[in-house]
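The values are calculated or read from the model by the stated rules, or taken from the named source; none is laboratory data. The model shown is predicted, which means the values in this text are computed figures rather than measured ones. Backbone-built Cβ (ideal geometry, glycine too); neighbour counts: all protein chains shown. Accessible surface is based on the protein model in full, side chains and every heavy atom, while ligands, DNA and RNA are left aside. Shrake-Rupley method; radii C 1.70, N 1.55, O 1.52, S 1.80 Å.
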Amino acid sequence: MATASAVPVPGSHLDVARDAEPATRAANAAMTAKLPFGETADFEAARRGLIAPVPEGLVRTGSGTVLWNLGEYAFIDGELAPATVNPSLWRQARLNLANGLFKVTDRLYQLRGFDISNMTVIEGDSGLIVIDPLTTAEVARAALAHYRAHRGDRPVVAVIYTHSHVDHYGGVRGIVDEADVKAGNVEVIAPDGFMEAVSGENVLAGMPMARRAQFQFGTLLPRGPRGQVDAGLGKGVARGTVGLIAPTRSIVQPVEEHTIDGIRIVFQLAPETEAPAEMHMFYPQLRVLNMAENACPLLHNFIPLRGAVARDPRIWAKYIGDAIAFYGADTDILIGQHHWPTWGREAILDHLESQRDLYKHVHDQTLRLMNKGWRPAEIAEAIDLPPGLAERWSVRGYYGTVNHNVKAVYQRYLSWYDANPCNLHPLPPAPAARKFVEYMGGAAAVIARARADFARGEYRWVAQVMKEVVYAEPDNIEARTLCADALEQMGYQAESATWRNAFLYGAQELRHGVFQVPARGPGMGADILAGLSTDIFFDLIAIRLDPAKAAGQSMILNWHFTDRAEKLVLTLRHSTLTHRMNEWSDKATASITTTRETLDAIVLQRLAAPEALMSGKLRIEGDLSRLPALFAMLDQQMRMMFDILTPGEGRS
Ligand SMILES: [Zn+2]
């Protein structure tokens, strides 16, 4: 079957993004009347304490490759939104352009706009406590250098990861040397379960998550009024080298206080909120509360568009409530690891209470309607934020949306299945689409009707019905173009940056096909792989087993990793791999002695297995043929740039 990438898209006039249609202009104009655009407090907060902006708005590698470029957003230069951008999102896109080194209060500074996230620096008695070292080493290094250029050259004595998402730890190697961590000169502190969460959330399903993230962040979209303008949490995710240094200290109690380099830090664990492992911090001497990513000035995601296990907004609201109760009375400044701070106790309580109620409201109202038998899309259509909440900028859906968060709540409690048996075993998308289009009188008839609906501004329906035609006839240029045109208008109307990015990137793939970027090794860096427990590592091997190649075979392998003093038994049976840690079998067909370092190198394709055998880095006792036989059963065809807007190869 033809794939998107195989289809040439003629008609260069259709290759470029179209302008806003009248219905889009009207929808965006209506937004202007709905929200308090006269309020300027957020702009003042975003600028307050600025010492110096990001130098040249750029971060480059040593060889000159640009990894971060705020200059791409120079088109965001006035209050008035272009017709192709929702005015509420335009406002957020302007706010997220504030960048540089900011003094928040004595001893506490933030570097914003070097990446999607913030780096917070606290000046201890002898050195620096760095909270969240951004996504990549290059931007983290640049941010810290910018701080030092204005505040002096003090060493980093501690790094704190607020949670297990890559934009909060990936740049750590840009600011500390692992040797200093090993020597005990630098502490690395993280919430309980951090390493498990890092590997659990992004590894086993890492490849499709990375592909889907392209839609969420609009990574491959041009920047511009008809392209990517923002990512909600910030402008976008910085490029460069992602790494990880494992924590030397875990915060395990619900509340723990430590004094680090003269700074008292009260840690409040908030697990299963925005991330599986997350924590808030209160700094009593500074009267600053750091809510990590649990109280950003927007509606966050219960499931992001990239995909994740459904989060728990009920617990999320509870932990915000706890933070108010524990620290509210003593807090003068609220910070987060994205966006700008809030100053003044009254404003802080007001903000935290509205965040608490935002998450609780969407959760509770979804359940109320679920308990009446409503279906996910019906609930999502019916629920809106209540008056008093809805018109606040800080709860608008720039990242999550009420609509898709409702569906996440439904999924969390009742799964993907809406209980209608007609939806229990339907045909898969492509054969169903071929039937739909045939029943509707063929593609030409459907397209003719959809064109009329497009003219009436019914973009949601046009995209919905054109999806069927494209799945029935992936080479149908007219259908692809009309589908792209509809998605594009939806993108122009979207208040959510992630929705806009998804719609516009969908349109781009329909018009131009899938841009092929080569998949690299296992889809993760060496640090992340090394950080995986051996238990998870073997889960990762198991999900690659090709059952056709393993059919009828069975084996038992003992493994001994001398560098970690770990043993385990790996069993192949029923075309399934299972393993048991800390066991050793007498019935094993082979026993393998090696190191995790060696096995990691083989997985990363830095070392060939025969070479490891020759050099003695890997030793096999027993049947020498079993290990190569096992490797031969593993699927090597993990595919990053799979088809989404069109049916894919090898699927029905
Ligand atoms: Zn983040």
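Per-residue counts of other Cβ atoms within 10 Å, averaged by peptide: what ranking do you get for 338-346, 225-233, highest first? Don't skip to the end; give the middle numbers.
On the way: 338-346: 20.3, 225-233: 25.1.
Per-residue Cβ counts within 10 Å, averaged per peptide and sorted highest first, yield 225-233, 338-346.
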> Over its Cα atoms, what ratio of radius of gyration to 2.2 N^0.38 Å does the chain give?
Replying inline: 1.01
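Please report the net charge: other residues with Cβ closer than 12 Å to the Cβ of Asp635, K and R +1, D and E -1.
With Lys, Arg at +1 and Asp, Glu at -1, the neighbours total +2.
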>> Please compute the length gained on full extension between Asn423 and Arg368, using 0.36 nm multiplied by the number of residues separating them and subtracting their Cα-Cα distance.
In response: 17.5 nm
> Does segment 417-495 classify as rounded, prolate or oblate by the C-alpha gyration tensor (a ≥ b ≥ c root eigenvalues; a/c under 1.5 gives rounded; else a/b over b/c gives prolate, otherwise oblate)?
Replying inline: oblate
> Share of antiparallel DSSP beta bridges in the chain, in percent to the nearest 5?
Replying inline: 75
> At a 1.4 Å probe radius, carbon and sulfur cover how many percent of the accessible area of the chain?
Replying inline: 53
> Per-residue ellipticity at 222 nm for the chain, helices alone: DSSP H runs ≥ 4 residues times -39500 (n - 2.57), over residue total, nearest 500 deg cm²/dmol?
Replying inline: -11000 deg cm²/dmol
> In µm²/s, what is D for segment 209-289 at 4 °C and 1.567 mPa s, where D = kT/(6 pi eta Rh) by Stokes-Einstein and Rh is the Kirkwood radius from Cα pairs?
Replying inline: 80
> When the C-alpha atoms of segment 408-449 are aligned to their principal axes, what extent does each axis show, in angstrom, from largest down?
Replying inline: 42, 19, 15
> At 4 °C and 1.567 mPa s, what whole-number value in µm²/s does Stokes-Einstein give for the translational diffusion of segment 107-209, with Rh from the Kirkwood sum over Cα pairs?
Replying inline: 93
> When the Cα centres of segment 395-425 and segment 163-217 are compared, how far apart do they sit, in Å?
Replying inline: 28
> Each residue of segment 326-331 in turn: what ³J(HN,Hα) in whole Hz from Karplus with 6.51, -1.76, 1.60 and θ = phi - 60°, glycine and Pro shown as x?
Replying inline: 6, 10, x, 5, 10, 9
>> So if I average 1/r over every pair of distinct C-alpha atoms in segment 155-195 and take the inverse, what Kirkwood radius in Å does that give?
In response: 10.7
>> Tell me whether segment 249-293 comes out rounded, prolate or oblate; compute the Cα gyration tensor, take square roots of the eigenvalues as a ≥ b ≥ c, and use a/c under 1.5 as the rounded threshold.
In response: oblate
> Can you give the relative contact order of segment 45-183 as a percent, counting alpha carbon pairs under 8 Å and 6+ residues apart?
Replying inline: 20
> Where a ≥ b ≥ c are the square roots of the eigenvalues of the C-alpha gyration tensor, would you call segment 243-356 rounded, which needs a/c under 1.5, or, failing that, prolate if a/b is larger than b/c, or oblate?
Replying inline: oblate
> For segment 239-317, with only Lys/Arg (+1) and Asp/Glu (-1) charged at the beta-carbon, what is the dipole magnitude about the Cα centre, in debye rounded to 20?
Replying inline: 180
> What whole-number value in Å² describes the accessible area per residue of segment 468-589 for a 1.4 Å probe?
Replying inline: 42
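Can you tell me which of 578-586, 75-83, 640-648 comes out highest on packing, and rank the rest after it, using the mean Cβ neighbours within 10 Å? Can you show the working numbers first?
Numbers: 578-586: 12.2, 75-83: 14.6, 640-648: 19.6.
Ranked from most to least packed, the peptides come out as 640-648, 75-83, 578-586.
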> Per residue, what accessible area does segment 359-406 have, given a 1.4 Å probe and all protein chains present, in Å²?
Replying inline: 42
> Using Cα pairs under 8 angstrom and six or more residues apart, how large is the relative contact order of the chain, in percent?
Replying inline: 14
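Express the relative contact order of segment 247-354 as a whole percentage, based on alpha carbon pairs under 8 Å and six or more residues apart in sequence. Could the numbers behind the result be given before it?
Values: 169 pairs, mean separation 23.4, N = 108.
So the answer I get is 22 percent.
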> Taking +1 at the Cβ of each Lys and Arg and -1 at the Cβ of each Asp and Glu, which of Pro474, Pro313, Asn420 sits farthest along the dipole of the chain towards its positive end, judged by Cα position relative to the Cα centre?
Replying inline: Pro474
> Simple spin-label model, 7 Å along Cα-to-Cβ: Arg606 to Asp332 in nm?
Replying inline: 4.9
> Could you work out Rg/(2.2 N^0.38 Å) for segment 42-100, with Rg from alpha carbons only?
Replying inline: 1.30
> Residues with beta-carbon under 15 Å from that of Ile131, excluding Ile131: net charge, scoring Lys, Arg +1 and Asp, Glu -1?
Replying inline: -4
>> What Kirkwood Rh does segment 294-358 have if only Cα atoms enter the pairwise 1/r average? Answer in Å.
In response: 12.5
> Ignoring ligands, DNA and RNA, what accessible area per residue does segment 158-221 give at 1.4 Å, in Å²?
Replying inline: 32
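Quick one, can you get me the convex hull of the C-alpha atoms of segment 336-491 expressed as volume per residue in Å³?
Working: hull volume 25.7 nm³, N = 156.
It comes to 165 Å³ per residue, whole-number rounded.
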>> Nothing charged except the Cβ atoms of Lys and Arg (+1) and of Asp and Glu (-1): what's the magnitude of the dipole of the chain about its Cα centre? Round to the nearest 20 debye.
In response: 940
> In sequence order, what are the phi-derived ³J(HN,Hα) couplings for segment 526-542 according to the Karplus relation 6.51 cos²θ - 1.76 cosθ + 1.60 with θ = phi - 60°, rounded to whole Hz, with x for glycine and proline?
Replying inline: 4, 5, 5, 4, 5, x, 6, 5, 5, 4, 5, 4, 6, 5, 5, 5, 4
> Working out 0.36 nm times the residue gap between Ala551 and Gln253, then minus their Cα-Cα distance, what length gain in nm do you get to one decimal?
Replying inline: 102.5 nm
> In the structure shown, do any of Lys372/Lys467; Lys407/Lys467; Lys587/Lys617 have a Cα-Cα gap over 27 Å, and if so which?
Replying inline: Lys372/Lys467
